[in-house]
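The values are calculated or read from the model by the stated rules, or taken from the named source; none is laboratory data. Remember, predicted model here, so these are calculated numbers, not experimental data. Quick reminder, even Gly has a Cβ in these numbers, built from the backbone with ideal geometry, and neighbours come from all protein chains shown. Protein only, heavy atoms only, side chains kept; ligands, DNA and RNA dropped before computing areas. Shrake-Rupley method; radii C 1.70, N 1.55, O 1.52, S 1.80 Å.
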Amino acid sequence: MLKRTKMSDPVLAGLVQEELERQEHNIEMIASESTAPLEVMELSGSVFTNKTLEGYPGRRFQAGSQIADKVEELACKRACELFGAEHANIQSYSGSTANYSVYASILTPGDKVLSMRLDQGGHLTHGSPANWVSKIYQFDFYGVDPETELIDYDAMEKKAKEYQPKLIIAGASSYPRIIDYKRIAEVAKEVGAYFMVDMAHIAGLVAAKVIPSPIPYADFVTSSTTKTFCSARSGMVFCKAEHAKLLDKGTFPGALGSIQLHTMAAKAWSFQYAASQEFREIMEQVVKNARCLAEELTKYGFRIVSDGTDNHLLVADLRSKNITGKDFQNALDSIGITVNKNMIPFDPQKPSVTSGVRIGLTAVSQRGLKEPEIREIAGIMNQVAEAPDNEENLKACKAQAQALIARFPLYPEGAFED
Ligand SMILES: *Cc1c(COP(=O)(O)O)cnc(C)c1O
């Protein structure tokens, strides 16, 4: 790995090596992370990165795009087959730009959008005051029921009827439950709104058919291709055939410039891999592991938001453990387990502190961890929470975490040797 860089820039090559070692020895439980397969690495670093192209197959603005056309056509065909979609546009560079391209396709400045509250699981690009989209469009929000911590669909319906949005968005960054797409689609239809689902976090689980797909219900489905999809750091959008022209025009020239052909090729590989038995089994284990961790942490006295999980992540309420999300994140990081602090619904703490952490099971499941190891991790987490300032305790926890993860290599041995 990095043969040339090692010679021309040892400083940078050293940083890559350090990061590889960090990942190798770390128990990665940030819900948005996963490990890119070696093929994704190869294709992302391939000569396709040299090609500039804009437009669509057969209608490019640059010469020499014949092979690129084949890549994009192959990728779109595989993507549609995998997700059972009528149309795919996979030019977006990320989940964020996937969303922007849909907004560019169907909204005009001042239009109203209804989405899920950021502090209850939604995403920055769904109308946070900190994101530029809130300067262009008007956003209002729905949230979860304080008792069940599930989306309050009745309140959402009421708000949609009052607010009359042009677009309703479902999908979240920290919602551990299955979303009732059919219900939201019915509301959207009733109020004459487009319905978009952002499946950034769950696309891998959807592709493997271990949780329900939003594709049959939504006008547009956007996604990142990292996270559970385990592919290149990029994005994708699906839509009904009737919106295909709108979406393509909204994406290019509406929202984006030239295509990143190297990540497009990596995505094309992943659209095939995600249909495999191997990928299905990993995704099944992700869900089993998440359930297992939720149950174990509950036994140790943590409260799990919504009392469990249906997908790859869970949100733990730490108040019963007398530790904040920030402090727990830092204590776990110091022993080699990475999670992120996260607001719980109706959190009394500030976003920079929080009462919870979000824990994801994708990366560890890819490495082969199963229920016995997950139970061990729950025990380590509890031991950290019990005495997060005790150096001896943290040292013992770190040793246990390192011994555990050492049994499950990040990549096959020798993968990066020259
Ligand atoms: C992560 C995420 C995004 C953004 O994806 P990026 O690839 O990081 O730009 C968009 N929407 C949701 C719901 C997400 O969780």
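Cα centroids of the stretch 297-348 and the stretch 31-75: 38 Å apart. Rounded to the nearest 20 debye, the dipole size of the stretch 98-208 about its Cα centre is 380 debye, using +1 on the Cβ of Lys and Arg and -1 on the Cβ of Asp and Glu.
Less than 10 Å Cβ to Cβ from Asp307, Lys/Arg counted +1 and Asp/Glu -1: what total charge do the surrounding residues give? Don't jump to the answer; show the numbers that get you there.
On the way: positive: Arg177, Arg303; negative: Glu149.
Around Asp307, the charge tally is +1.
Taking 14 Å as the cut-off, the amide N atoms of the stretch 201-221 that come nearer than this to a point 7 Å along the Cα-to-beta-carbon line of Glu242 belong to 217-220.
Can you give the direction-averaged projected area of the convex hull of the alpha-carbon atoms in the stretch 281-352, in nm²? Working shown, then result.
Details: hull surface 20.9 nm².
Spelled out: convex hull of the Cα atoms, projected over all directions, averaged, 5.2 nm².
Per residue, the solvent-accessible area of the stretch 224-314 (1.4 Å probe, heavy atoms of protein chains only, all protein chains present) comes to 37 Å².
Quick one: dipole size for the chain, taken about the Cα centre, charges +1 on Lys/Arg Cβ and -1 on Asp/Glu Cβ, in debye to the nearest 20. Mind showing how you got there, number by number?
On the way: 45 positive and 53 negative charges, 181 e Å.
Roughly 880 debye, rounded to the nearest 20.
Determine the share of the stretch 131-192's accessible area contributed by carbon and sulfur atoms, expressed in whole percent, with a 1.4 angstrom probe.
For the stretch 131-192, the apolar C and S fraction of the accessible surface comes to 50 percent.
Cross-link check: pairs Lys161/Lys227; Lys158/Lys240; Lys166/Lys245 evaluated at a Cα-Cα cut-off of 22 Å; pairs beyond the cut-off: Lys161/Lys227; Lys158/Lys240.
Please give me the summed charge of the neighbours of Ala331: other residues whose Cβ is under 14 Å from its Cβ, Lys and Arg +1, Asp and Glu -1. List each step's numbers first, then the result.
Values: positive: Lys321, Lys326, Lys341, Lys395, Lys398; negative: Asp327, Asp333, Glu386, Asp389, Glu391, Glu392.
Result for the local shell: -1.
All alpha carbon pair distances within the chain were sorted into 20 Å bins beginning at 0; the resulting P(r) in whole percents reads 26, 56, 18, 0.
To the nearest 0.05, what FRET efficiency results for Glu186 and Arg59 with a Förster distance of 35 Å applied to their C-beta separation? Working from the Cβ atoms, E equals 0.40. Note on Asp180: accessible area approximately 70 square angstrom, rounded to 10, probe 1.4 Å, nucleic acids and ligands left out.
Using a probe of 1.4 angstrom and keeping all protein chains present, the accessible surface of the stretch 316-383 works out to 35 square angstrom per residue.
Charging the Cβ of each Asp and Glu at -1 and of each Lys and Arg at +1, and nothing else, the dipole of the stretch 141-283 about its Cα centre rounds to 540 debye. From most to least packed by mean Cβ count within 10 Å, the peptides 155-166, 264-275 give 264-275, 155-166. Per-residue SASA remark: Ser115, around 0 Å² accessible (1.4 Å probe; ligands, DNA and RNA not included).
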